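To start, the structure itself, in structure tokens.
The values are calculated or read from the model by the stated rules, or taken from the named source; none is laboratory data. Everything numeric here is computed off the predicted structure, so don't read it as measured data. Ideal geometry is used to build each Cβ from the backbone, glycine not excepted, and the neighbour counts take in all protein chains shown.
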Amino acid sequence: MLDVDRIRADFPILERTVGERPLVYLDSANTSQKPRQVVDALAEHYLQHNANVARAMHLLGAEATEAFEGARSKLAAFVGAARAEEIVFTKNASEALNLAANTLGSRLREGDEVVISVMEHHSNIVPWQLACQRSGATLRWFDVTDEGRLDLEAAARDNLINERTRVVSLTWVSNVLGTRNPVAKVAAQAHAVGAVMVVDASQAVPHQSIDVSTLGADLVAFTGHKMCGPTGVGVLWGRFDLLADLPPFLGGGEMIEIVEMARSTYAPPPHRFEAGTPPIAQAAGLGAAVDYLGGIGMDAIAAHEQELTAYALDKLTSIDGVVILGPTEAVERGSAISFNITDVHPHDVMQILDSRGVAIRGGHHCARPLHKRLGHQSSTRASSYLYTTAAEIDALADALVFTRDYFAPRFGGLA
Amino acid sequence: MNIDELYQTIILDHYREKHHSGLREPYEAEVHHVNPSCGDELTLRVHVDGDTINDISYHGEGCSISQASTSVMTDLLIGHSTAHAMELHDKFLEMMQSQGRIEPDEDVFEDAIAFAGVSKFPARVKCALLGWSAVRDATLQATAPTTPSDRPSAG
């Protein structure tokens, strides 16, 4: 069992109030809060060790390089990578996915196919659209069932993954529905036809243990700021032999070997993919974040969230007028829960909740095609993390009842 | 912040029963404006005869603020000159960006005075502006000397 009170003491922001009410932060799928340990690590880096990495040869340069490369090793251990060189630092998960789409996209030809799903975040849709537009390859996608699960049967019927498939890129856990996808199963299908398996793990890595050696993926993208780390740093993990085979993404300093005026040769991974001064302090902060999460234990965090998700689904499904998007049972499911209140727009739900201190997200959550597929223009999303309490779920439920009853008589509807 | 300041009865009335809603013929320009962060979408047509806006018709999906603001805007602009529309757009924009500092003139703004409260909620200002930006864009297109090319409209 997680000692949530002790954990919350590490997050001073959770003591804030909104007017008279305590802040109820249920927007962790958007960005997580940061523990003091991470902020302290950032401050210590800037105040005691700040210098550029690799190119600075003095004492501080050596310390900064140690902090940056040390963070790489910590991330490698955290995800079960075979070696630290399999961790590429990017600015966020979007850049990591763009790196994947650009480098893999350079090999695509007309007649090739790329497979994604309708439940992807825009950052796992648009880069592949661009790659297909440039190469003439065809973009195809998994549909979802009405319950918000990946429709594997329809995919098999349509021969979605076939001998023309070059890349399959799939989210592990949906940022809207919470659905956890069977990555290993889809990866096996991709590998059977010689395709590369890319996984967007932005909503998975913060919440559960991950072992890339058994996941089945060839490339995995995630971001630091959703897992207690700072903004400005993301990660692309890749199998080393695949990374070594990929062309550069961005050109610039530190990604090269020898530069001539007419041509250049490139550094081996990971530096080949890290042009320019990288997010040094942010990587150090992310290293502190994985120390923090590892110290608590990812399995304990996952168990806490599983319990909260079951509790929240129970609470929300019992409120008249609330409709859940996605699985309503806490089975193969993350902690993000999206919903709508009948006849009240998510923006208005968000506003009323905000006035009661409850911070959630309203909109299409960068997943417009998914909302369209499910027949919702947009939705409201509540998302929990290791510091979330059952009392906060109660506050959410109370605020939703208040919201429904605030608008219903004014709209001549319920009540 | 008191939410009743935001959700005034005028706004909720317009949201429940939108004036001039629906897409109609004839029209000289149609625009599609979106609010990408929240997903609000609005298709809006203007029918201009000479200097006069004879009709504004629209189909929108969005929050109460964006929908009510569009409804109020049609009441204020239909039957008036395009110059008046541009002037009122600019005044409304100025009021919405004033963070509650500008006290609107009820003779000019009529029901739109209810949106003065919205200007105190910075995240919602773009909701209130969606319809106004669309009508400005459509009117400019309809009154342009040559028909503009099929360019995508920004929200």
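Within region A:243-356, which strands (runs of 3 or more DSSP E) (wholly inside it) include 2 or more residues that are under 30 Å from A:Phe402 (Cα atoms)?
Per the criteria, A:322-325, A:336-341.
Need pairs with beta-carbon distance below 7 Å; first residue within 20 Å of B:Ile65 (Cβ to Cβ) and within region B:129-149, second buried (at least 24 other Cβ atoms within 10 Å of the Cβ) and modelled with pLDDT under 90; sequence gap 6+ or separate chains.
B:Leu130/B:Asp40
Right, A:Ala359: surrounded by fewer than 23 Cβ atoms within 10 Å (Cβ to Cβ) and touching a residue at least 40 places away in the same chain (Cβ under 8 Å) or not?
So A:Ala359 passes the test.
Right, B:Ala68: of a type in the set (A, V, I, L, M, F, W, C) and either within 24 Å of A:His365 (Cα to Cα) or surrounded by fewer than 16 Cβ atoms within 10 Å (Cβ to Cβ) (or both) or not?
Yes; evaluated as a whole, the condition is true for this residue.
Matching residues to (1) buried (at least 20 other Cβ atoms within 10 Å of the Cβ); (2) within 30 Å of A:Arg381 (Cα to Cα); (3) out of contact with any Pro (no Cβ under 7 Å at 6 or more places or on another chain):
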site: A:Ala188; (1), (2), (3): no, no, yes
site: A:Ala195; (1), (2), (3): yes, no, yes
site: A:Ser209; (1), (2), (3): no, yes, yes
site: A:Leu215; (1), (2), (3): yes, yes, yes
site: A:Asp218; (1), (2), (3): yes, no, yes
site: A:Lys226; (1), (2), (3): yes, yes, no
site: A:Leu242; (1), (2), (3): no, no, yes
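Where residues in region A:329-338 are surrounded by fewer than 23 Cβ atoms within 10 Å (Cβ to Cβ) and in contact (Cβ under 8 Å) with a residue 24 or more places away in the chain, which of them is nearest to A:Thr380 (Cα to Cα)?
A:Ala330
List pairs: first residue in region A:160-184 and in the same structural domain as A:Thr328 (by TED's automatic domain parsing), second residue buried (at least 22 other Cβ atoms within 10 Å of the Cβ) and part of a loop (DSSP other than H, G, I, E, B) anywhere in the structure, Cβ distance under 6 angstrom, at least six positions apart or on different chains.
Short answer, once both residue conditions are applied: none.
Table: residues versus (1) crowded, with 23+ Cβ neighbours inside 10 Å; (2) touching a residue at least 40 places away in the same chain (Cβ under 8 Å); (3) in the same structural domain as A:Arg8 (by TED's automatic domain parsing).
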site	(1), (2), (3)
A:Thr317	no, no, yes
A:Pro327	no, yes, yes
A:Ala395	no, yes, yes
A:Leu400	yes, yes, yes
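When you scan region A:76-186 for helices (runs of 4 or more DSSP H) that lie fully inside it, which ones turn up with 2 or more residues that are within 24 Å of A:Ala244 (Cα to Cα) and not aliphatic (A, V, I, L, M)?
A:93-105, A:126-135
Tell me the residue from A:Arg356, A:Arg404 that is within 12 Å of chain B (Cβ to nearest Cβ) and over 18 Å from the mean Cα position of the chain (by Cα), please.
Only one candidate passes the filter, namely A:Arg356.
Of all the residues that make up region A:10-33, how many are under 30 Å from A:Ile280 (Cβ atoms) and either in a helix (DSSP H, G or I) or in contact with an Asp or Glu (Cβ under 9 Å, 6 or more places away or on another chain) (or both)?
Number satisfying all stated conditions: 4.
When you scan region B:8-21, do you find a residue that is within 14 Å of chain A (Cβ to nearest Cβ), surrounded by fewer than 14 Cβ atoms within 10 Å (Cβ to Cβ) and either out of contact with any Gly (no Cβ under 9 Å at 6 or more places or on another chain) or touching a residue at least 12 places away in the same chain (Cβ under 8 Å) (or both), even just one?
Yes, region B:8-21 contains a residue that is within 14 Å of chain A (Cβ to nearest Cβ), surrounded by fewer than 14 Cβ atoms within 10 Å (Cβ to Cβ) and either out of contact with any Gly (no Cβ under 9 Å at 6 or more places or on another chain) or touching a residue at least 12 places away in the same chain (Cβ under 8 Å) (or both).
Being away from chain A (no Cβ under 14 Å), of a type in the set (Val, Ile, Thr), in contact (Cβ under 8 Å) with a residue 60 or more places away in the chain and not in a loop (DSSP other than H, G, I, E, B): is that true of B:Thr70 here?
no
Does region A:323-340 contain any residue that is over 21 Å from the mean Cα position of the chain (by Cα), within 14 Å of another protein chain (Cβ to nearest Cβ), of a type in the set (A, V, I, L, M) and under 24 Å from A:Pro409 (Cβ atoms)?
No: region A:323-340 contains no residue that is over 21 Å from the mean Cα position of the chain (by Cα), within 14 Å of another protein chain (Cβ to nearest Cβ), of a type in the set (A, V, I, L, M) and under 24 Å from A:Pro409 (Cβ atoms).
Does region A:107-115 contain any residue that is surrounded by 20 or more Cβ atoms within 10 Å (Cβ to Cβ) and out of contact with any Ser or Thr (no Cβ under 9 Å at 6 or more places or on another chain)?
No, because not a single residue in region A:107-115 is surrounded by 20 or more Cβ atoms within 10 Å (Cβ to Cβ) and out of contact with any Ser or Thr (no Cβ under 9 Å at 6 or more places or on another chain).
List the number of the failed condition for B:Val34; all other conditions in (1) of a type in the set (Val, Ile, Thr); (2) without any contact (Cβ under 8 Å) to a residue 24 or more places away in the chain; (3) touching a Leu at 6+ places or on another chain (Cβ under 8 Å); (4) at the interface with chain A (Cβ under 10 Å from one of its Cβ atoms) hold.
For B:Val34, the failing item is (2).
I'd like the residue in region A:373-390 that is part of a loop (DSSP other than H, G, I, E, B) and within 14 Å of chain B (Cβ to nearest Cβ) and, out of all such residues, is nearest to the chain's Cα centre (by Cα).
Ranking the qualifying residues of region A:373-390, first place goes to A:Ser378.
Which pairs do you get when a residue that is among the β-branched types (Val, Ile, Thr), found in region A:300-314, comes within reach of a residue that is crowded, with 24+ Cβ neighbours inside 10 Å, reach meaning Cβ atoms under 6 angstrom, with the pair 6+ apart or on two chains?
A:Ile301/A:Leu386; A:Thr309/A:Ser335
Can you tell me which residue among A:Glu274, A:Glu254 is acidic (Asp, Glu) and modelled with pLDDT of 95 or more?
After applying the criteria, what remains is A:Glu274.
Answer yes if at least one residue in region B:44-65 is crowded, with 18+ Cβ neighbours inside 10 Å, within 13 Å of chain A (Cβ to nearest Cβ) and over 26 Å from A:Val358 (Cα atoms), and no otherwise.
Yes, that holds for at least one residue.
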